[in-house]
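Data first, discussion second: the structure below is written as structure tokens.
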There are 2 protein chains.
Amino acid sequence: MAAPNKQVLIAIIGAGGVGKCFLSQLSALATRRPSPKLSLCYISTSKKALYNDDYTPIALDGTLEALAASSRSPPSLSQVVDYLAAAPHKVVLVDNTSSQDVADHFPTFLRRGINVITPNKKAFSGSYGLWQDIFAAAAESGASVFHESSVGAGLPVISTLRELVETGDRVTKIEGVFSGTMSFLFNTFAPTSGAGGSWSAEVKNAKALGYTEPDPRDDLNGLDVARKLTILARLAGLPVESPTSFPVQSLIPEALDSCTSGDEFLERLPAFDADMERTRADAEKEGKVVRFVGSFDVAAKQVKVGLEKFDKSHPIAGLKGSDNIISFYTERYGSNPLIIQGAGAGGEVTAMGVTGDLLKVLARIG
Amino acid sequence: MAAPNKQVLIAIIGAGGVGKCFLSQLSALATRRPSPKLSLCYISTSKKALYNDDYTPIALDGTLEALAASSRSPPSLSQVVDYLAAAPHKVVLVDNTSSQDVADHFPTFLRRGINVITPNKKAFSGSYGLWQDIFAAAAESGASVFHESSVGAGLPVISTLRELVETGDRVTKIEGVFSGTMSFLFNTFAPTSGAGGSWSAEVKNAKALGYTEPDPRDDLNGLDVARKLTILARLAGLPVESPTSFPVQSLIPEALDSCTSGDEFLERLPAFDADMERTRADAEKEGKVVRFVGSFDVAAKQVKVGLEKFDKSHPIAGLKGSDNIISFYTERYGSNPLIIQGAGAGGEVTAMGVTGDLLKVLARIG
């Protein structure tokens with residue numbers, strides 16, 4: 001059992017949608033679990049920072065107001081490393097940003113013994129060199145790094161894949177719908193029963209309902225799915241070089257590559273509805289529906305992201321709303337895959353994955 | 001990082017189907033992970049035991065042959081507790097039996113600092129008093145107890161439920177197919193397309209294919225499902241007294257309660273085919289199929305196990321083979337549940353859950 005006076009310091013970078021939800025989950029967790037005592041020692045956005053040079057804890061209620069009122073601007077990331085490495089207790093850095101710059105500093109944080117947890121995909125889906133450096137740094141110092149929410153938000157995707165591999169199962173293939181936006185778009189555009197609207201109308205509708213990024217091209221280019229596939233393929237043992245080193249189908253028509261804004265893109269998209277209509281009709285002719293999926297095959301060393309057709313009775317065809325689905329094909333599970341399904345985006349469930357990671361770190365150090 | 005000479009001792013009770021698979025996974029794990037060194041110090045069946053009084057490790061190859069050749073009979077469980085508590089290293093007890101007697105000793109093992117991992121349902125679905133005692137003992141000594149494979153074999157069911165609860169989500173309802181046998185029986189008896197055979201023919205077929213217990217009544221009485229529901233409901237916060245303290249529908253016709261053997265039961269079962277035929281036809285009239293499910297509703301404090309009708313497009317209706325499916329309805333996940341699906345029985349996947357538990361213990365102590 002943890003000594004009653006043991007303390008663990010939490011440092012948070014990022015206070016956006018996920019960051020706010022995490023902060024509230026952290027506050028509730030600190031109340032529920034008196035030991036080890038969880039203390040917030042640092043929090044920052046791109047504009048402000050809140051911390052005390054002597055590590056005096058920051059209150060876990062009214063934190064955001066205090067941060068907004070702070071007169072300190074955020075120190076450089078190397079300064080944050082130095083500050084946290086000199087702390088009198090064990091430290092967990094929570095990166096709730098999607099910043100490549102923060103991700104690039106993970107090896108430095110880890111080498112200095114600072115545990116890292118994050119939903120930030122950039123760290124694990126950038127260059128393979130950064131991936132190797134992160135895990136080498138963790139192995140050297142014994143610090144932990146967890147990133148459950150980098151794929152499927154709070155769904156237990158990364159932990160399940162890790163456990164399959166670490167217990168000696170052999171993953172042969174992973175296939176799934178990894179984007180809540182793409183899930184929603186195709187579940188409404190090509191439902192298993194009834195009829196969807198035109199492609200451009202469904203994209204506009206999804207944006208109006210808040211299911212897309214502010215600029216929908218950031219979803220439609222397929223890169224978000226490619227990043228998640230990169231992470232899973234690497235965990236399964238494929239040394240994928242980058243999320244652009246395998247075929248990724250973009251749903252942005254080539255002729256619209258030149259659009260200078262998301263609004264211009266949406267305005268001109270209807271001219272290309274006939275292409276997507278043909279794709280939908282081709283699938284329908286075979287009694288199938290079209291879905292945007294990512295998959296990799298370990299034996300064939302093949303990773304791909306794009307449109308595929310599925311029987312209407314297939315679990316991928318039957319998804320609801322903006323749910324994700326991930327099918328793990330392994331030696332032990334044989335012909336029927338292990339399947340995990342549910343909301344794969346949203347502040348609360350993404351923060352839950354981060355809070356779950358924090359619990360795993362505490363089990364190791366607390 | 002673990003010190004290079006650190007050792008963790010493993011003690012195994014049970015060398016049946018799951019035990020054999022676990023032993024082979026342990027042997028592979030010990031080879032892959034040099035630190036901490038995993039050493040087998042004790043293994044026993046109900047007839048034989050293999051261990052050295054000075055804890056000299058038992059070889060991880062040829063273990064079963066050495067056990068069969070051993071001249072030692074198993075000591076009493078209290079003697080095993082004393083032996084392991086006096087070991088010079090940390091110890092993990094692996095209970096690969098389904099013995100109530102071993103389960104009853106878990107609090108004693110845990111109080112003496114011995115970590116416990118097991119697929120044994122009896123410990124967690126027996127009296128609520130034993131449940132409380134097990135977790136109180138673990139909290140007192142700081143030893144760990146994990147039982148992933150007690151529900152859904154290697155599927156990440158227990159760990160997911162624990163994480164939902166521990167991160168502060170509120171589970172409102174859990175529903176699913178928790179028995180591979182019941183899954184197979186109803187997927188073939190009432191498929192979503194095509195026609196199944198008579199009930200008694202399907203039961204005989206399932207037994208012939210090895211999907212049932214040697215006496216199929218041990219599956220058909222619903223107790224196995226009730227035990228799993230008991231475990232999940234308790235983890236979600238319902239203080240369920242026992243697996244017989246809520247409604248459990250048995251599929252054994254009352255008139256056959258008096259059968260003295262499984263063979264006699266199977267011989268007389270066809271006389272009751274009309275009852276199940278009526279159930280199947282009633283569902284079919286509504287365009288549905290019948291399935292054997294377990295569920296609990298936290299607000300209503302209601303736990304139940306039995307036959308229910310599902311739309312053919314419902315994920316529970318669309319299960320394949322002998323797969324399990326578990327739907328977690330929670331506050332954070334809203335109207336669409338988090339779903340986990342896949343093989344929920346079999347030696348390798350059950351042992352994988354146990355090996356995964358061992359990795360969790362090692363992360364804490366290794």
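The values are calculated or read from the model by the stated rules, or taken from the named source; none is laboratory data. Everything numeric in this text was worked out from a predicted model, so none of it was measured. Cβ coordinates were reconstructed from backbone atoms using ideal geometry, including for glycine residues, and neighbour counts include every protein chain displayed.
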Just wondering, is there one or more residues in region B:158-168 that are closer than 30 Å to B:Lys285 by Cβ and basic (Lys, Arg)?
-> no
Elements of type helices (runs of 4 or more DSSP H) in region B:59-113, at least 2 residues being over 22 Å from the mean Cα position of the chain (by Cα) = B:63-69, B:77-85
Across (1) in contact (Cβ under 8 Å) with a residue 40 or more places away in the chain; (2) out of contact with any Phe, Trp or Tyr (no Cβ under 9 Å at 6 or more places or on another chain); (3) farther than 23 Å from A:Phe265 by Cα, A:Ala233 clears everything bar (2)
Evaluate region A:304-316: report whether one residue or more is of a type in the set (S, T, N, Q), out of contact with any helix residue (DSSP H, G or I) (no Cβ under 9 Å at 6 or more places or on another chain) and modelled with pLDDT under 95.
-> yes
Selection count where residues are modelled with pLDDT of 95 or more and either part of a loop (DSSP other than H, G, I, E, B) or within 22 Å of B:Gln79 (Cα to Cα) (or both), scope region B:17-45 | 8
For region B:107-136, name all the residues that are buried (at least 18 other Cβ atoms within 10 Å of the Cβ), of a type in the set (Phe, Trp, Tyr) and out of contact with any Phe, Trp or Tyr (no Cβ under 9 Å at 6 or more places or on another chain).
-> B:Phe109
Leading residue by the ranking (nearest to B:Ala226 (Cα to Cα)) among those in region B:151-160 that are more than 7 Å from chain A (Cβ to nearest Cβ) and surrounded by 24 or more Cβ atoms within 10 Å (Cβ to Cβ) | B:Val151
What number of residues within region B:173-195 are of a type in the set (S, T, N, Q), surrounded by fewer than 23 Cβ atoms within 10 Å (Cβ to Cβ) and within 14 Å of chain A (Cβ to nearest Cβ)?
-> 3
Candidates A:Ser159, A:Ser183, A:Ser150, A:Ser198 - the one that is in contact with a strand residue (DSSP E or B) (Cβ under 7 Å, 6 or more places away or on another chain) and either closer than 30 Å to B:Ser24 by Cα or touching a residue at least 24 places away in the same chain (Cβ under 8 Å) (or both) | A:Ser183
Hey, which of the strands (runs of 3 or more DSSP E) in region B:261-366, taking only ones fully inside, have at least 2 residues that are closer than 24 Å to A:Gly334 by Cβ and within 14 Å of chain A (Cβ to nearest Cβ)?
-> B:323-330, B:338-343
Residue check, B:Tyr42 against (1) crowded, with 19+ Cβ neighbours inside 10 Å; (2) of a type in the set (Ser, Thr, Tyr); (3) free of Cβ contacts under 8 Å to residues at least 40 places away in the same chain, all met but one. Which one?
-> (3)
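Based on this model, can you work out whether B:Thr330 counts as of a type in the set (S, T, N, Q), over 20 Å from the mean Cα position of the chain (by Cα) and crowded, with 21+ Cβ neighbours inside 10 Å?
yes
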Taking region A:64-98 and keeping residues in contact with a helix residue (DSSP H, G or I) (Cβ under 7 Å, 6 or more places away or on another chain), closer than 19 Å to A:Lys20 by Cα and touching a residue at least 60 places away in the same chain (Cβ under 8 Å) leaves A:Val92, A:Leu93, A:Val94, A:Asp95, A:Asn96
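Okay, residues lined up against (1) more than 20 Å from the chain's Cα centre (by Cα); (2) at positive phi; (3) outside any helix (DSSP H, G or I); (4) assigned by TED's automatic domain parsing to the domain that holds A:Val145:
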| site | (1), (2), (3), (4) |
| --- | --- |
| A:Gly210 | no, yes, yes, no |
| A:Thr230 | no, no, no, no |
| A:Val240 | no, no, yes, no |
| A:Thr244 | no, no, yes, no |
| A:Ala255 | yes, no, no, no |
| A:Ser258 | yes, no, yes, no |
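One line per residue, one yes/no per condition, for (1) away from every other protein chain (no Cβ under 14 Å); (2) closer than 28 Å to B:Gly353 by Cα; (3) of a type in the set (Lys, Arg):
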{"residue": "A:Ser125", "(1), (2), (3)": "yes, no, no"}
{"residue": "A:Ala138", "(1), (2), (3)": "no, yes, no"}
{"residue": "A:Ser141", "(1), (2), (3)": "no, no, no"}
{"residue": "A:Val165", "(1), (2), (3)": "no, yes, no"}
{"residue": "A:Arg170", "(1), (2), (3)": "no, yes, yes"}
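Give the residue that is modelled with the lowest pLDDT, with candidates limited to residues of region A:318-340 that are polar (S, T, N, Q) and closer than 22 Å to A:Val298 by Cα. Let's see the steps before the verdict.
To start, the set of residues in region A:318-340 that are polar (S, T, N, Q) comprises A:322, A:324, A:327, A:330, A:335-336.
After this cut, where a residue has to be closer than 22 Å to A:Val298 by Cα as well, the list is A:324, A:327, A:330, A:335-336.
Details: A:Asn324: 98, A:Ser327: 98, A:Thr330: 98, A:Ser335: 90, A:Asn336: 93.
Checking each candidate, the answer is A:Ser335.
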Of all residues in region A:221-242, which are surrounded by 23 or more Cβ atoms within 10 Å (Cβ to Cβ) and touching a strand residue (DSSP E or B) at 6+ places or on another chain (Cβ under 9 Å)?
-> A:Gly222, A:Val225, A:Ala226, A:Lys228, A:Leu229, A:Thr230, A:Leu232, A:Ala233
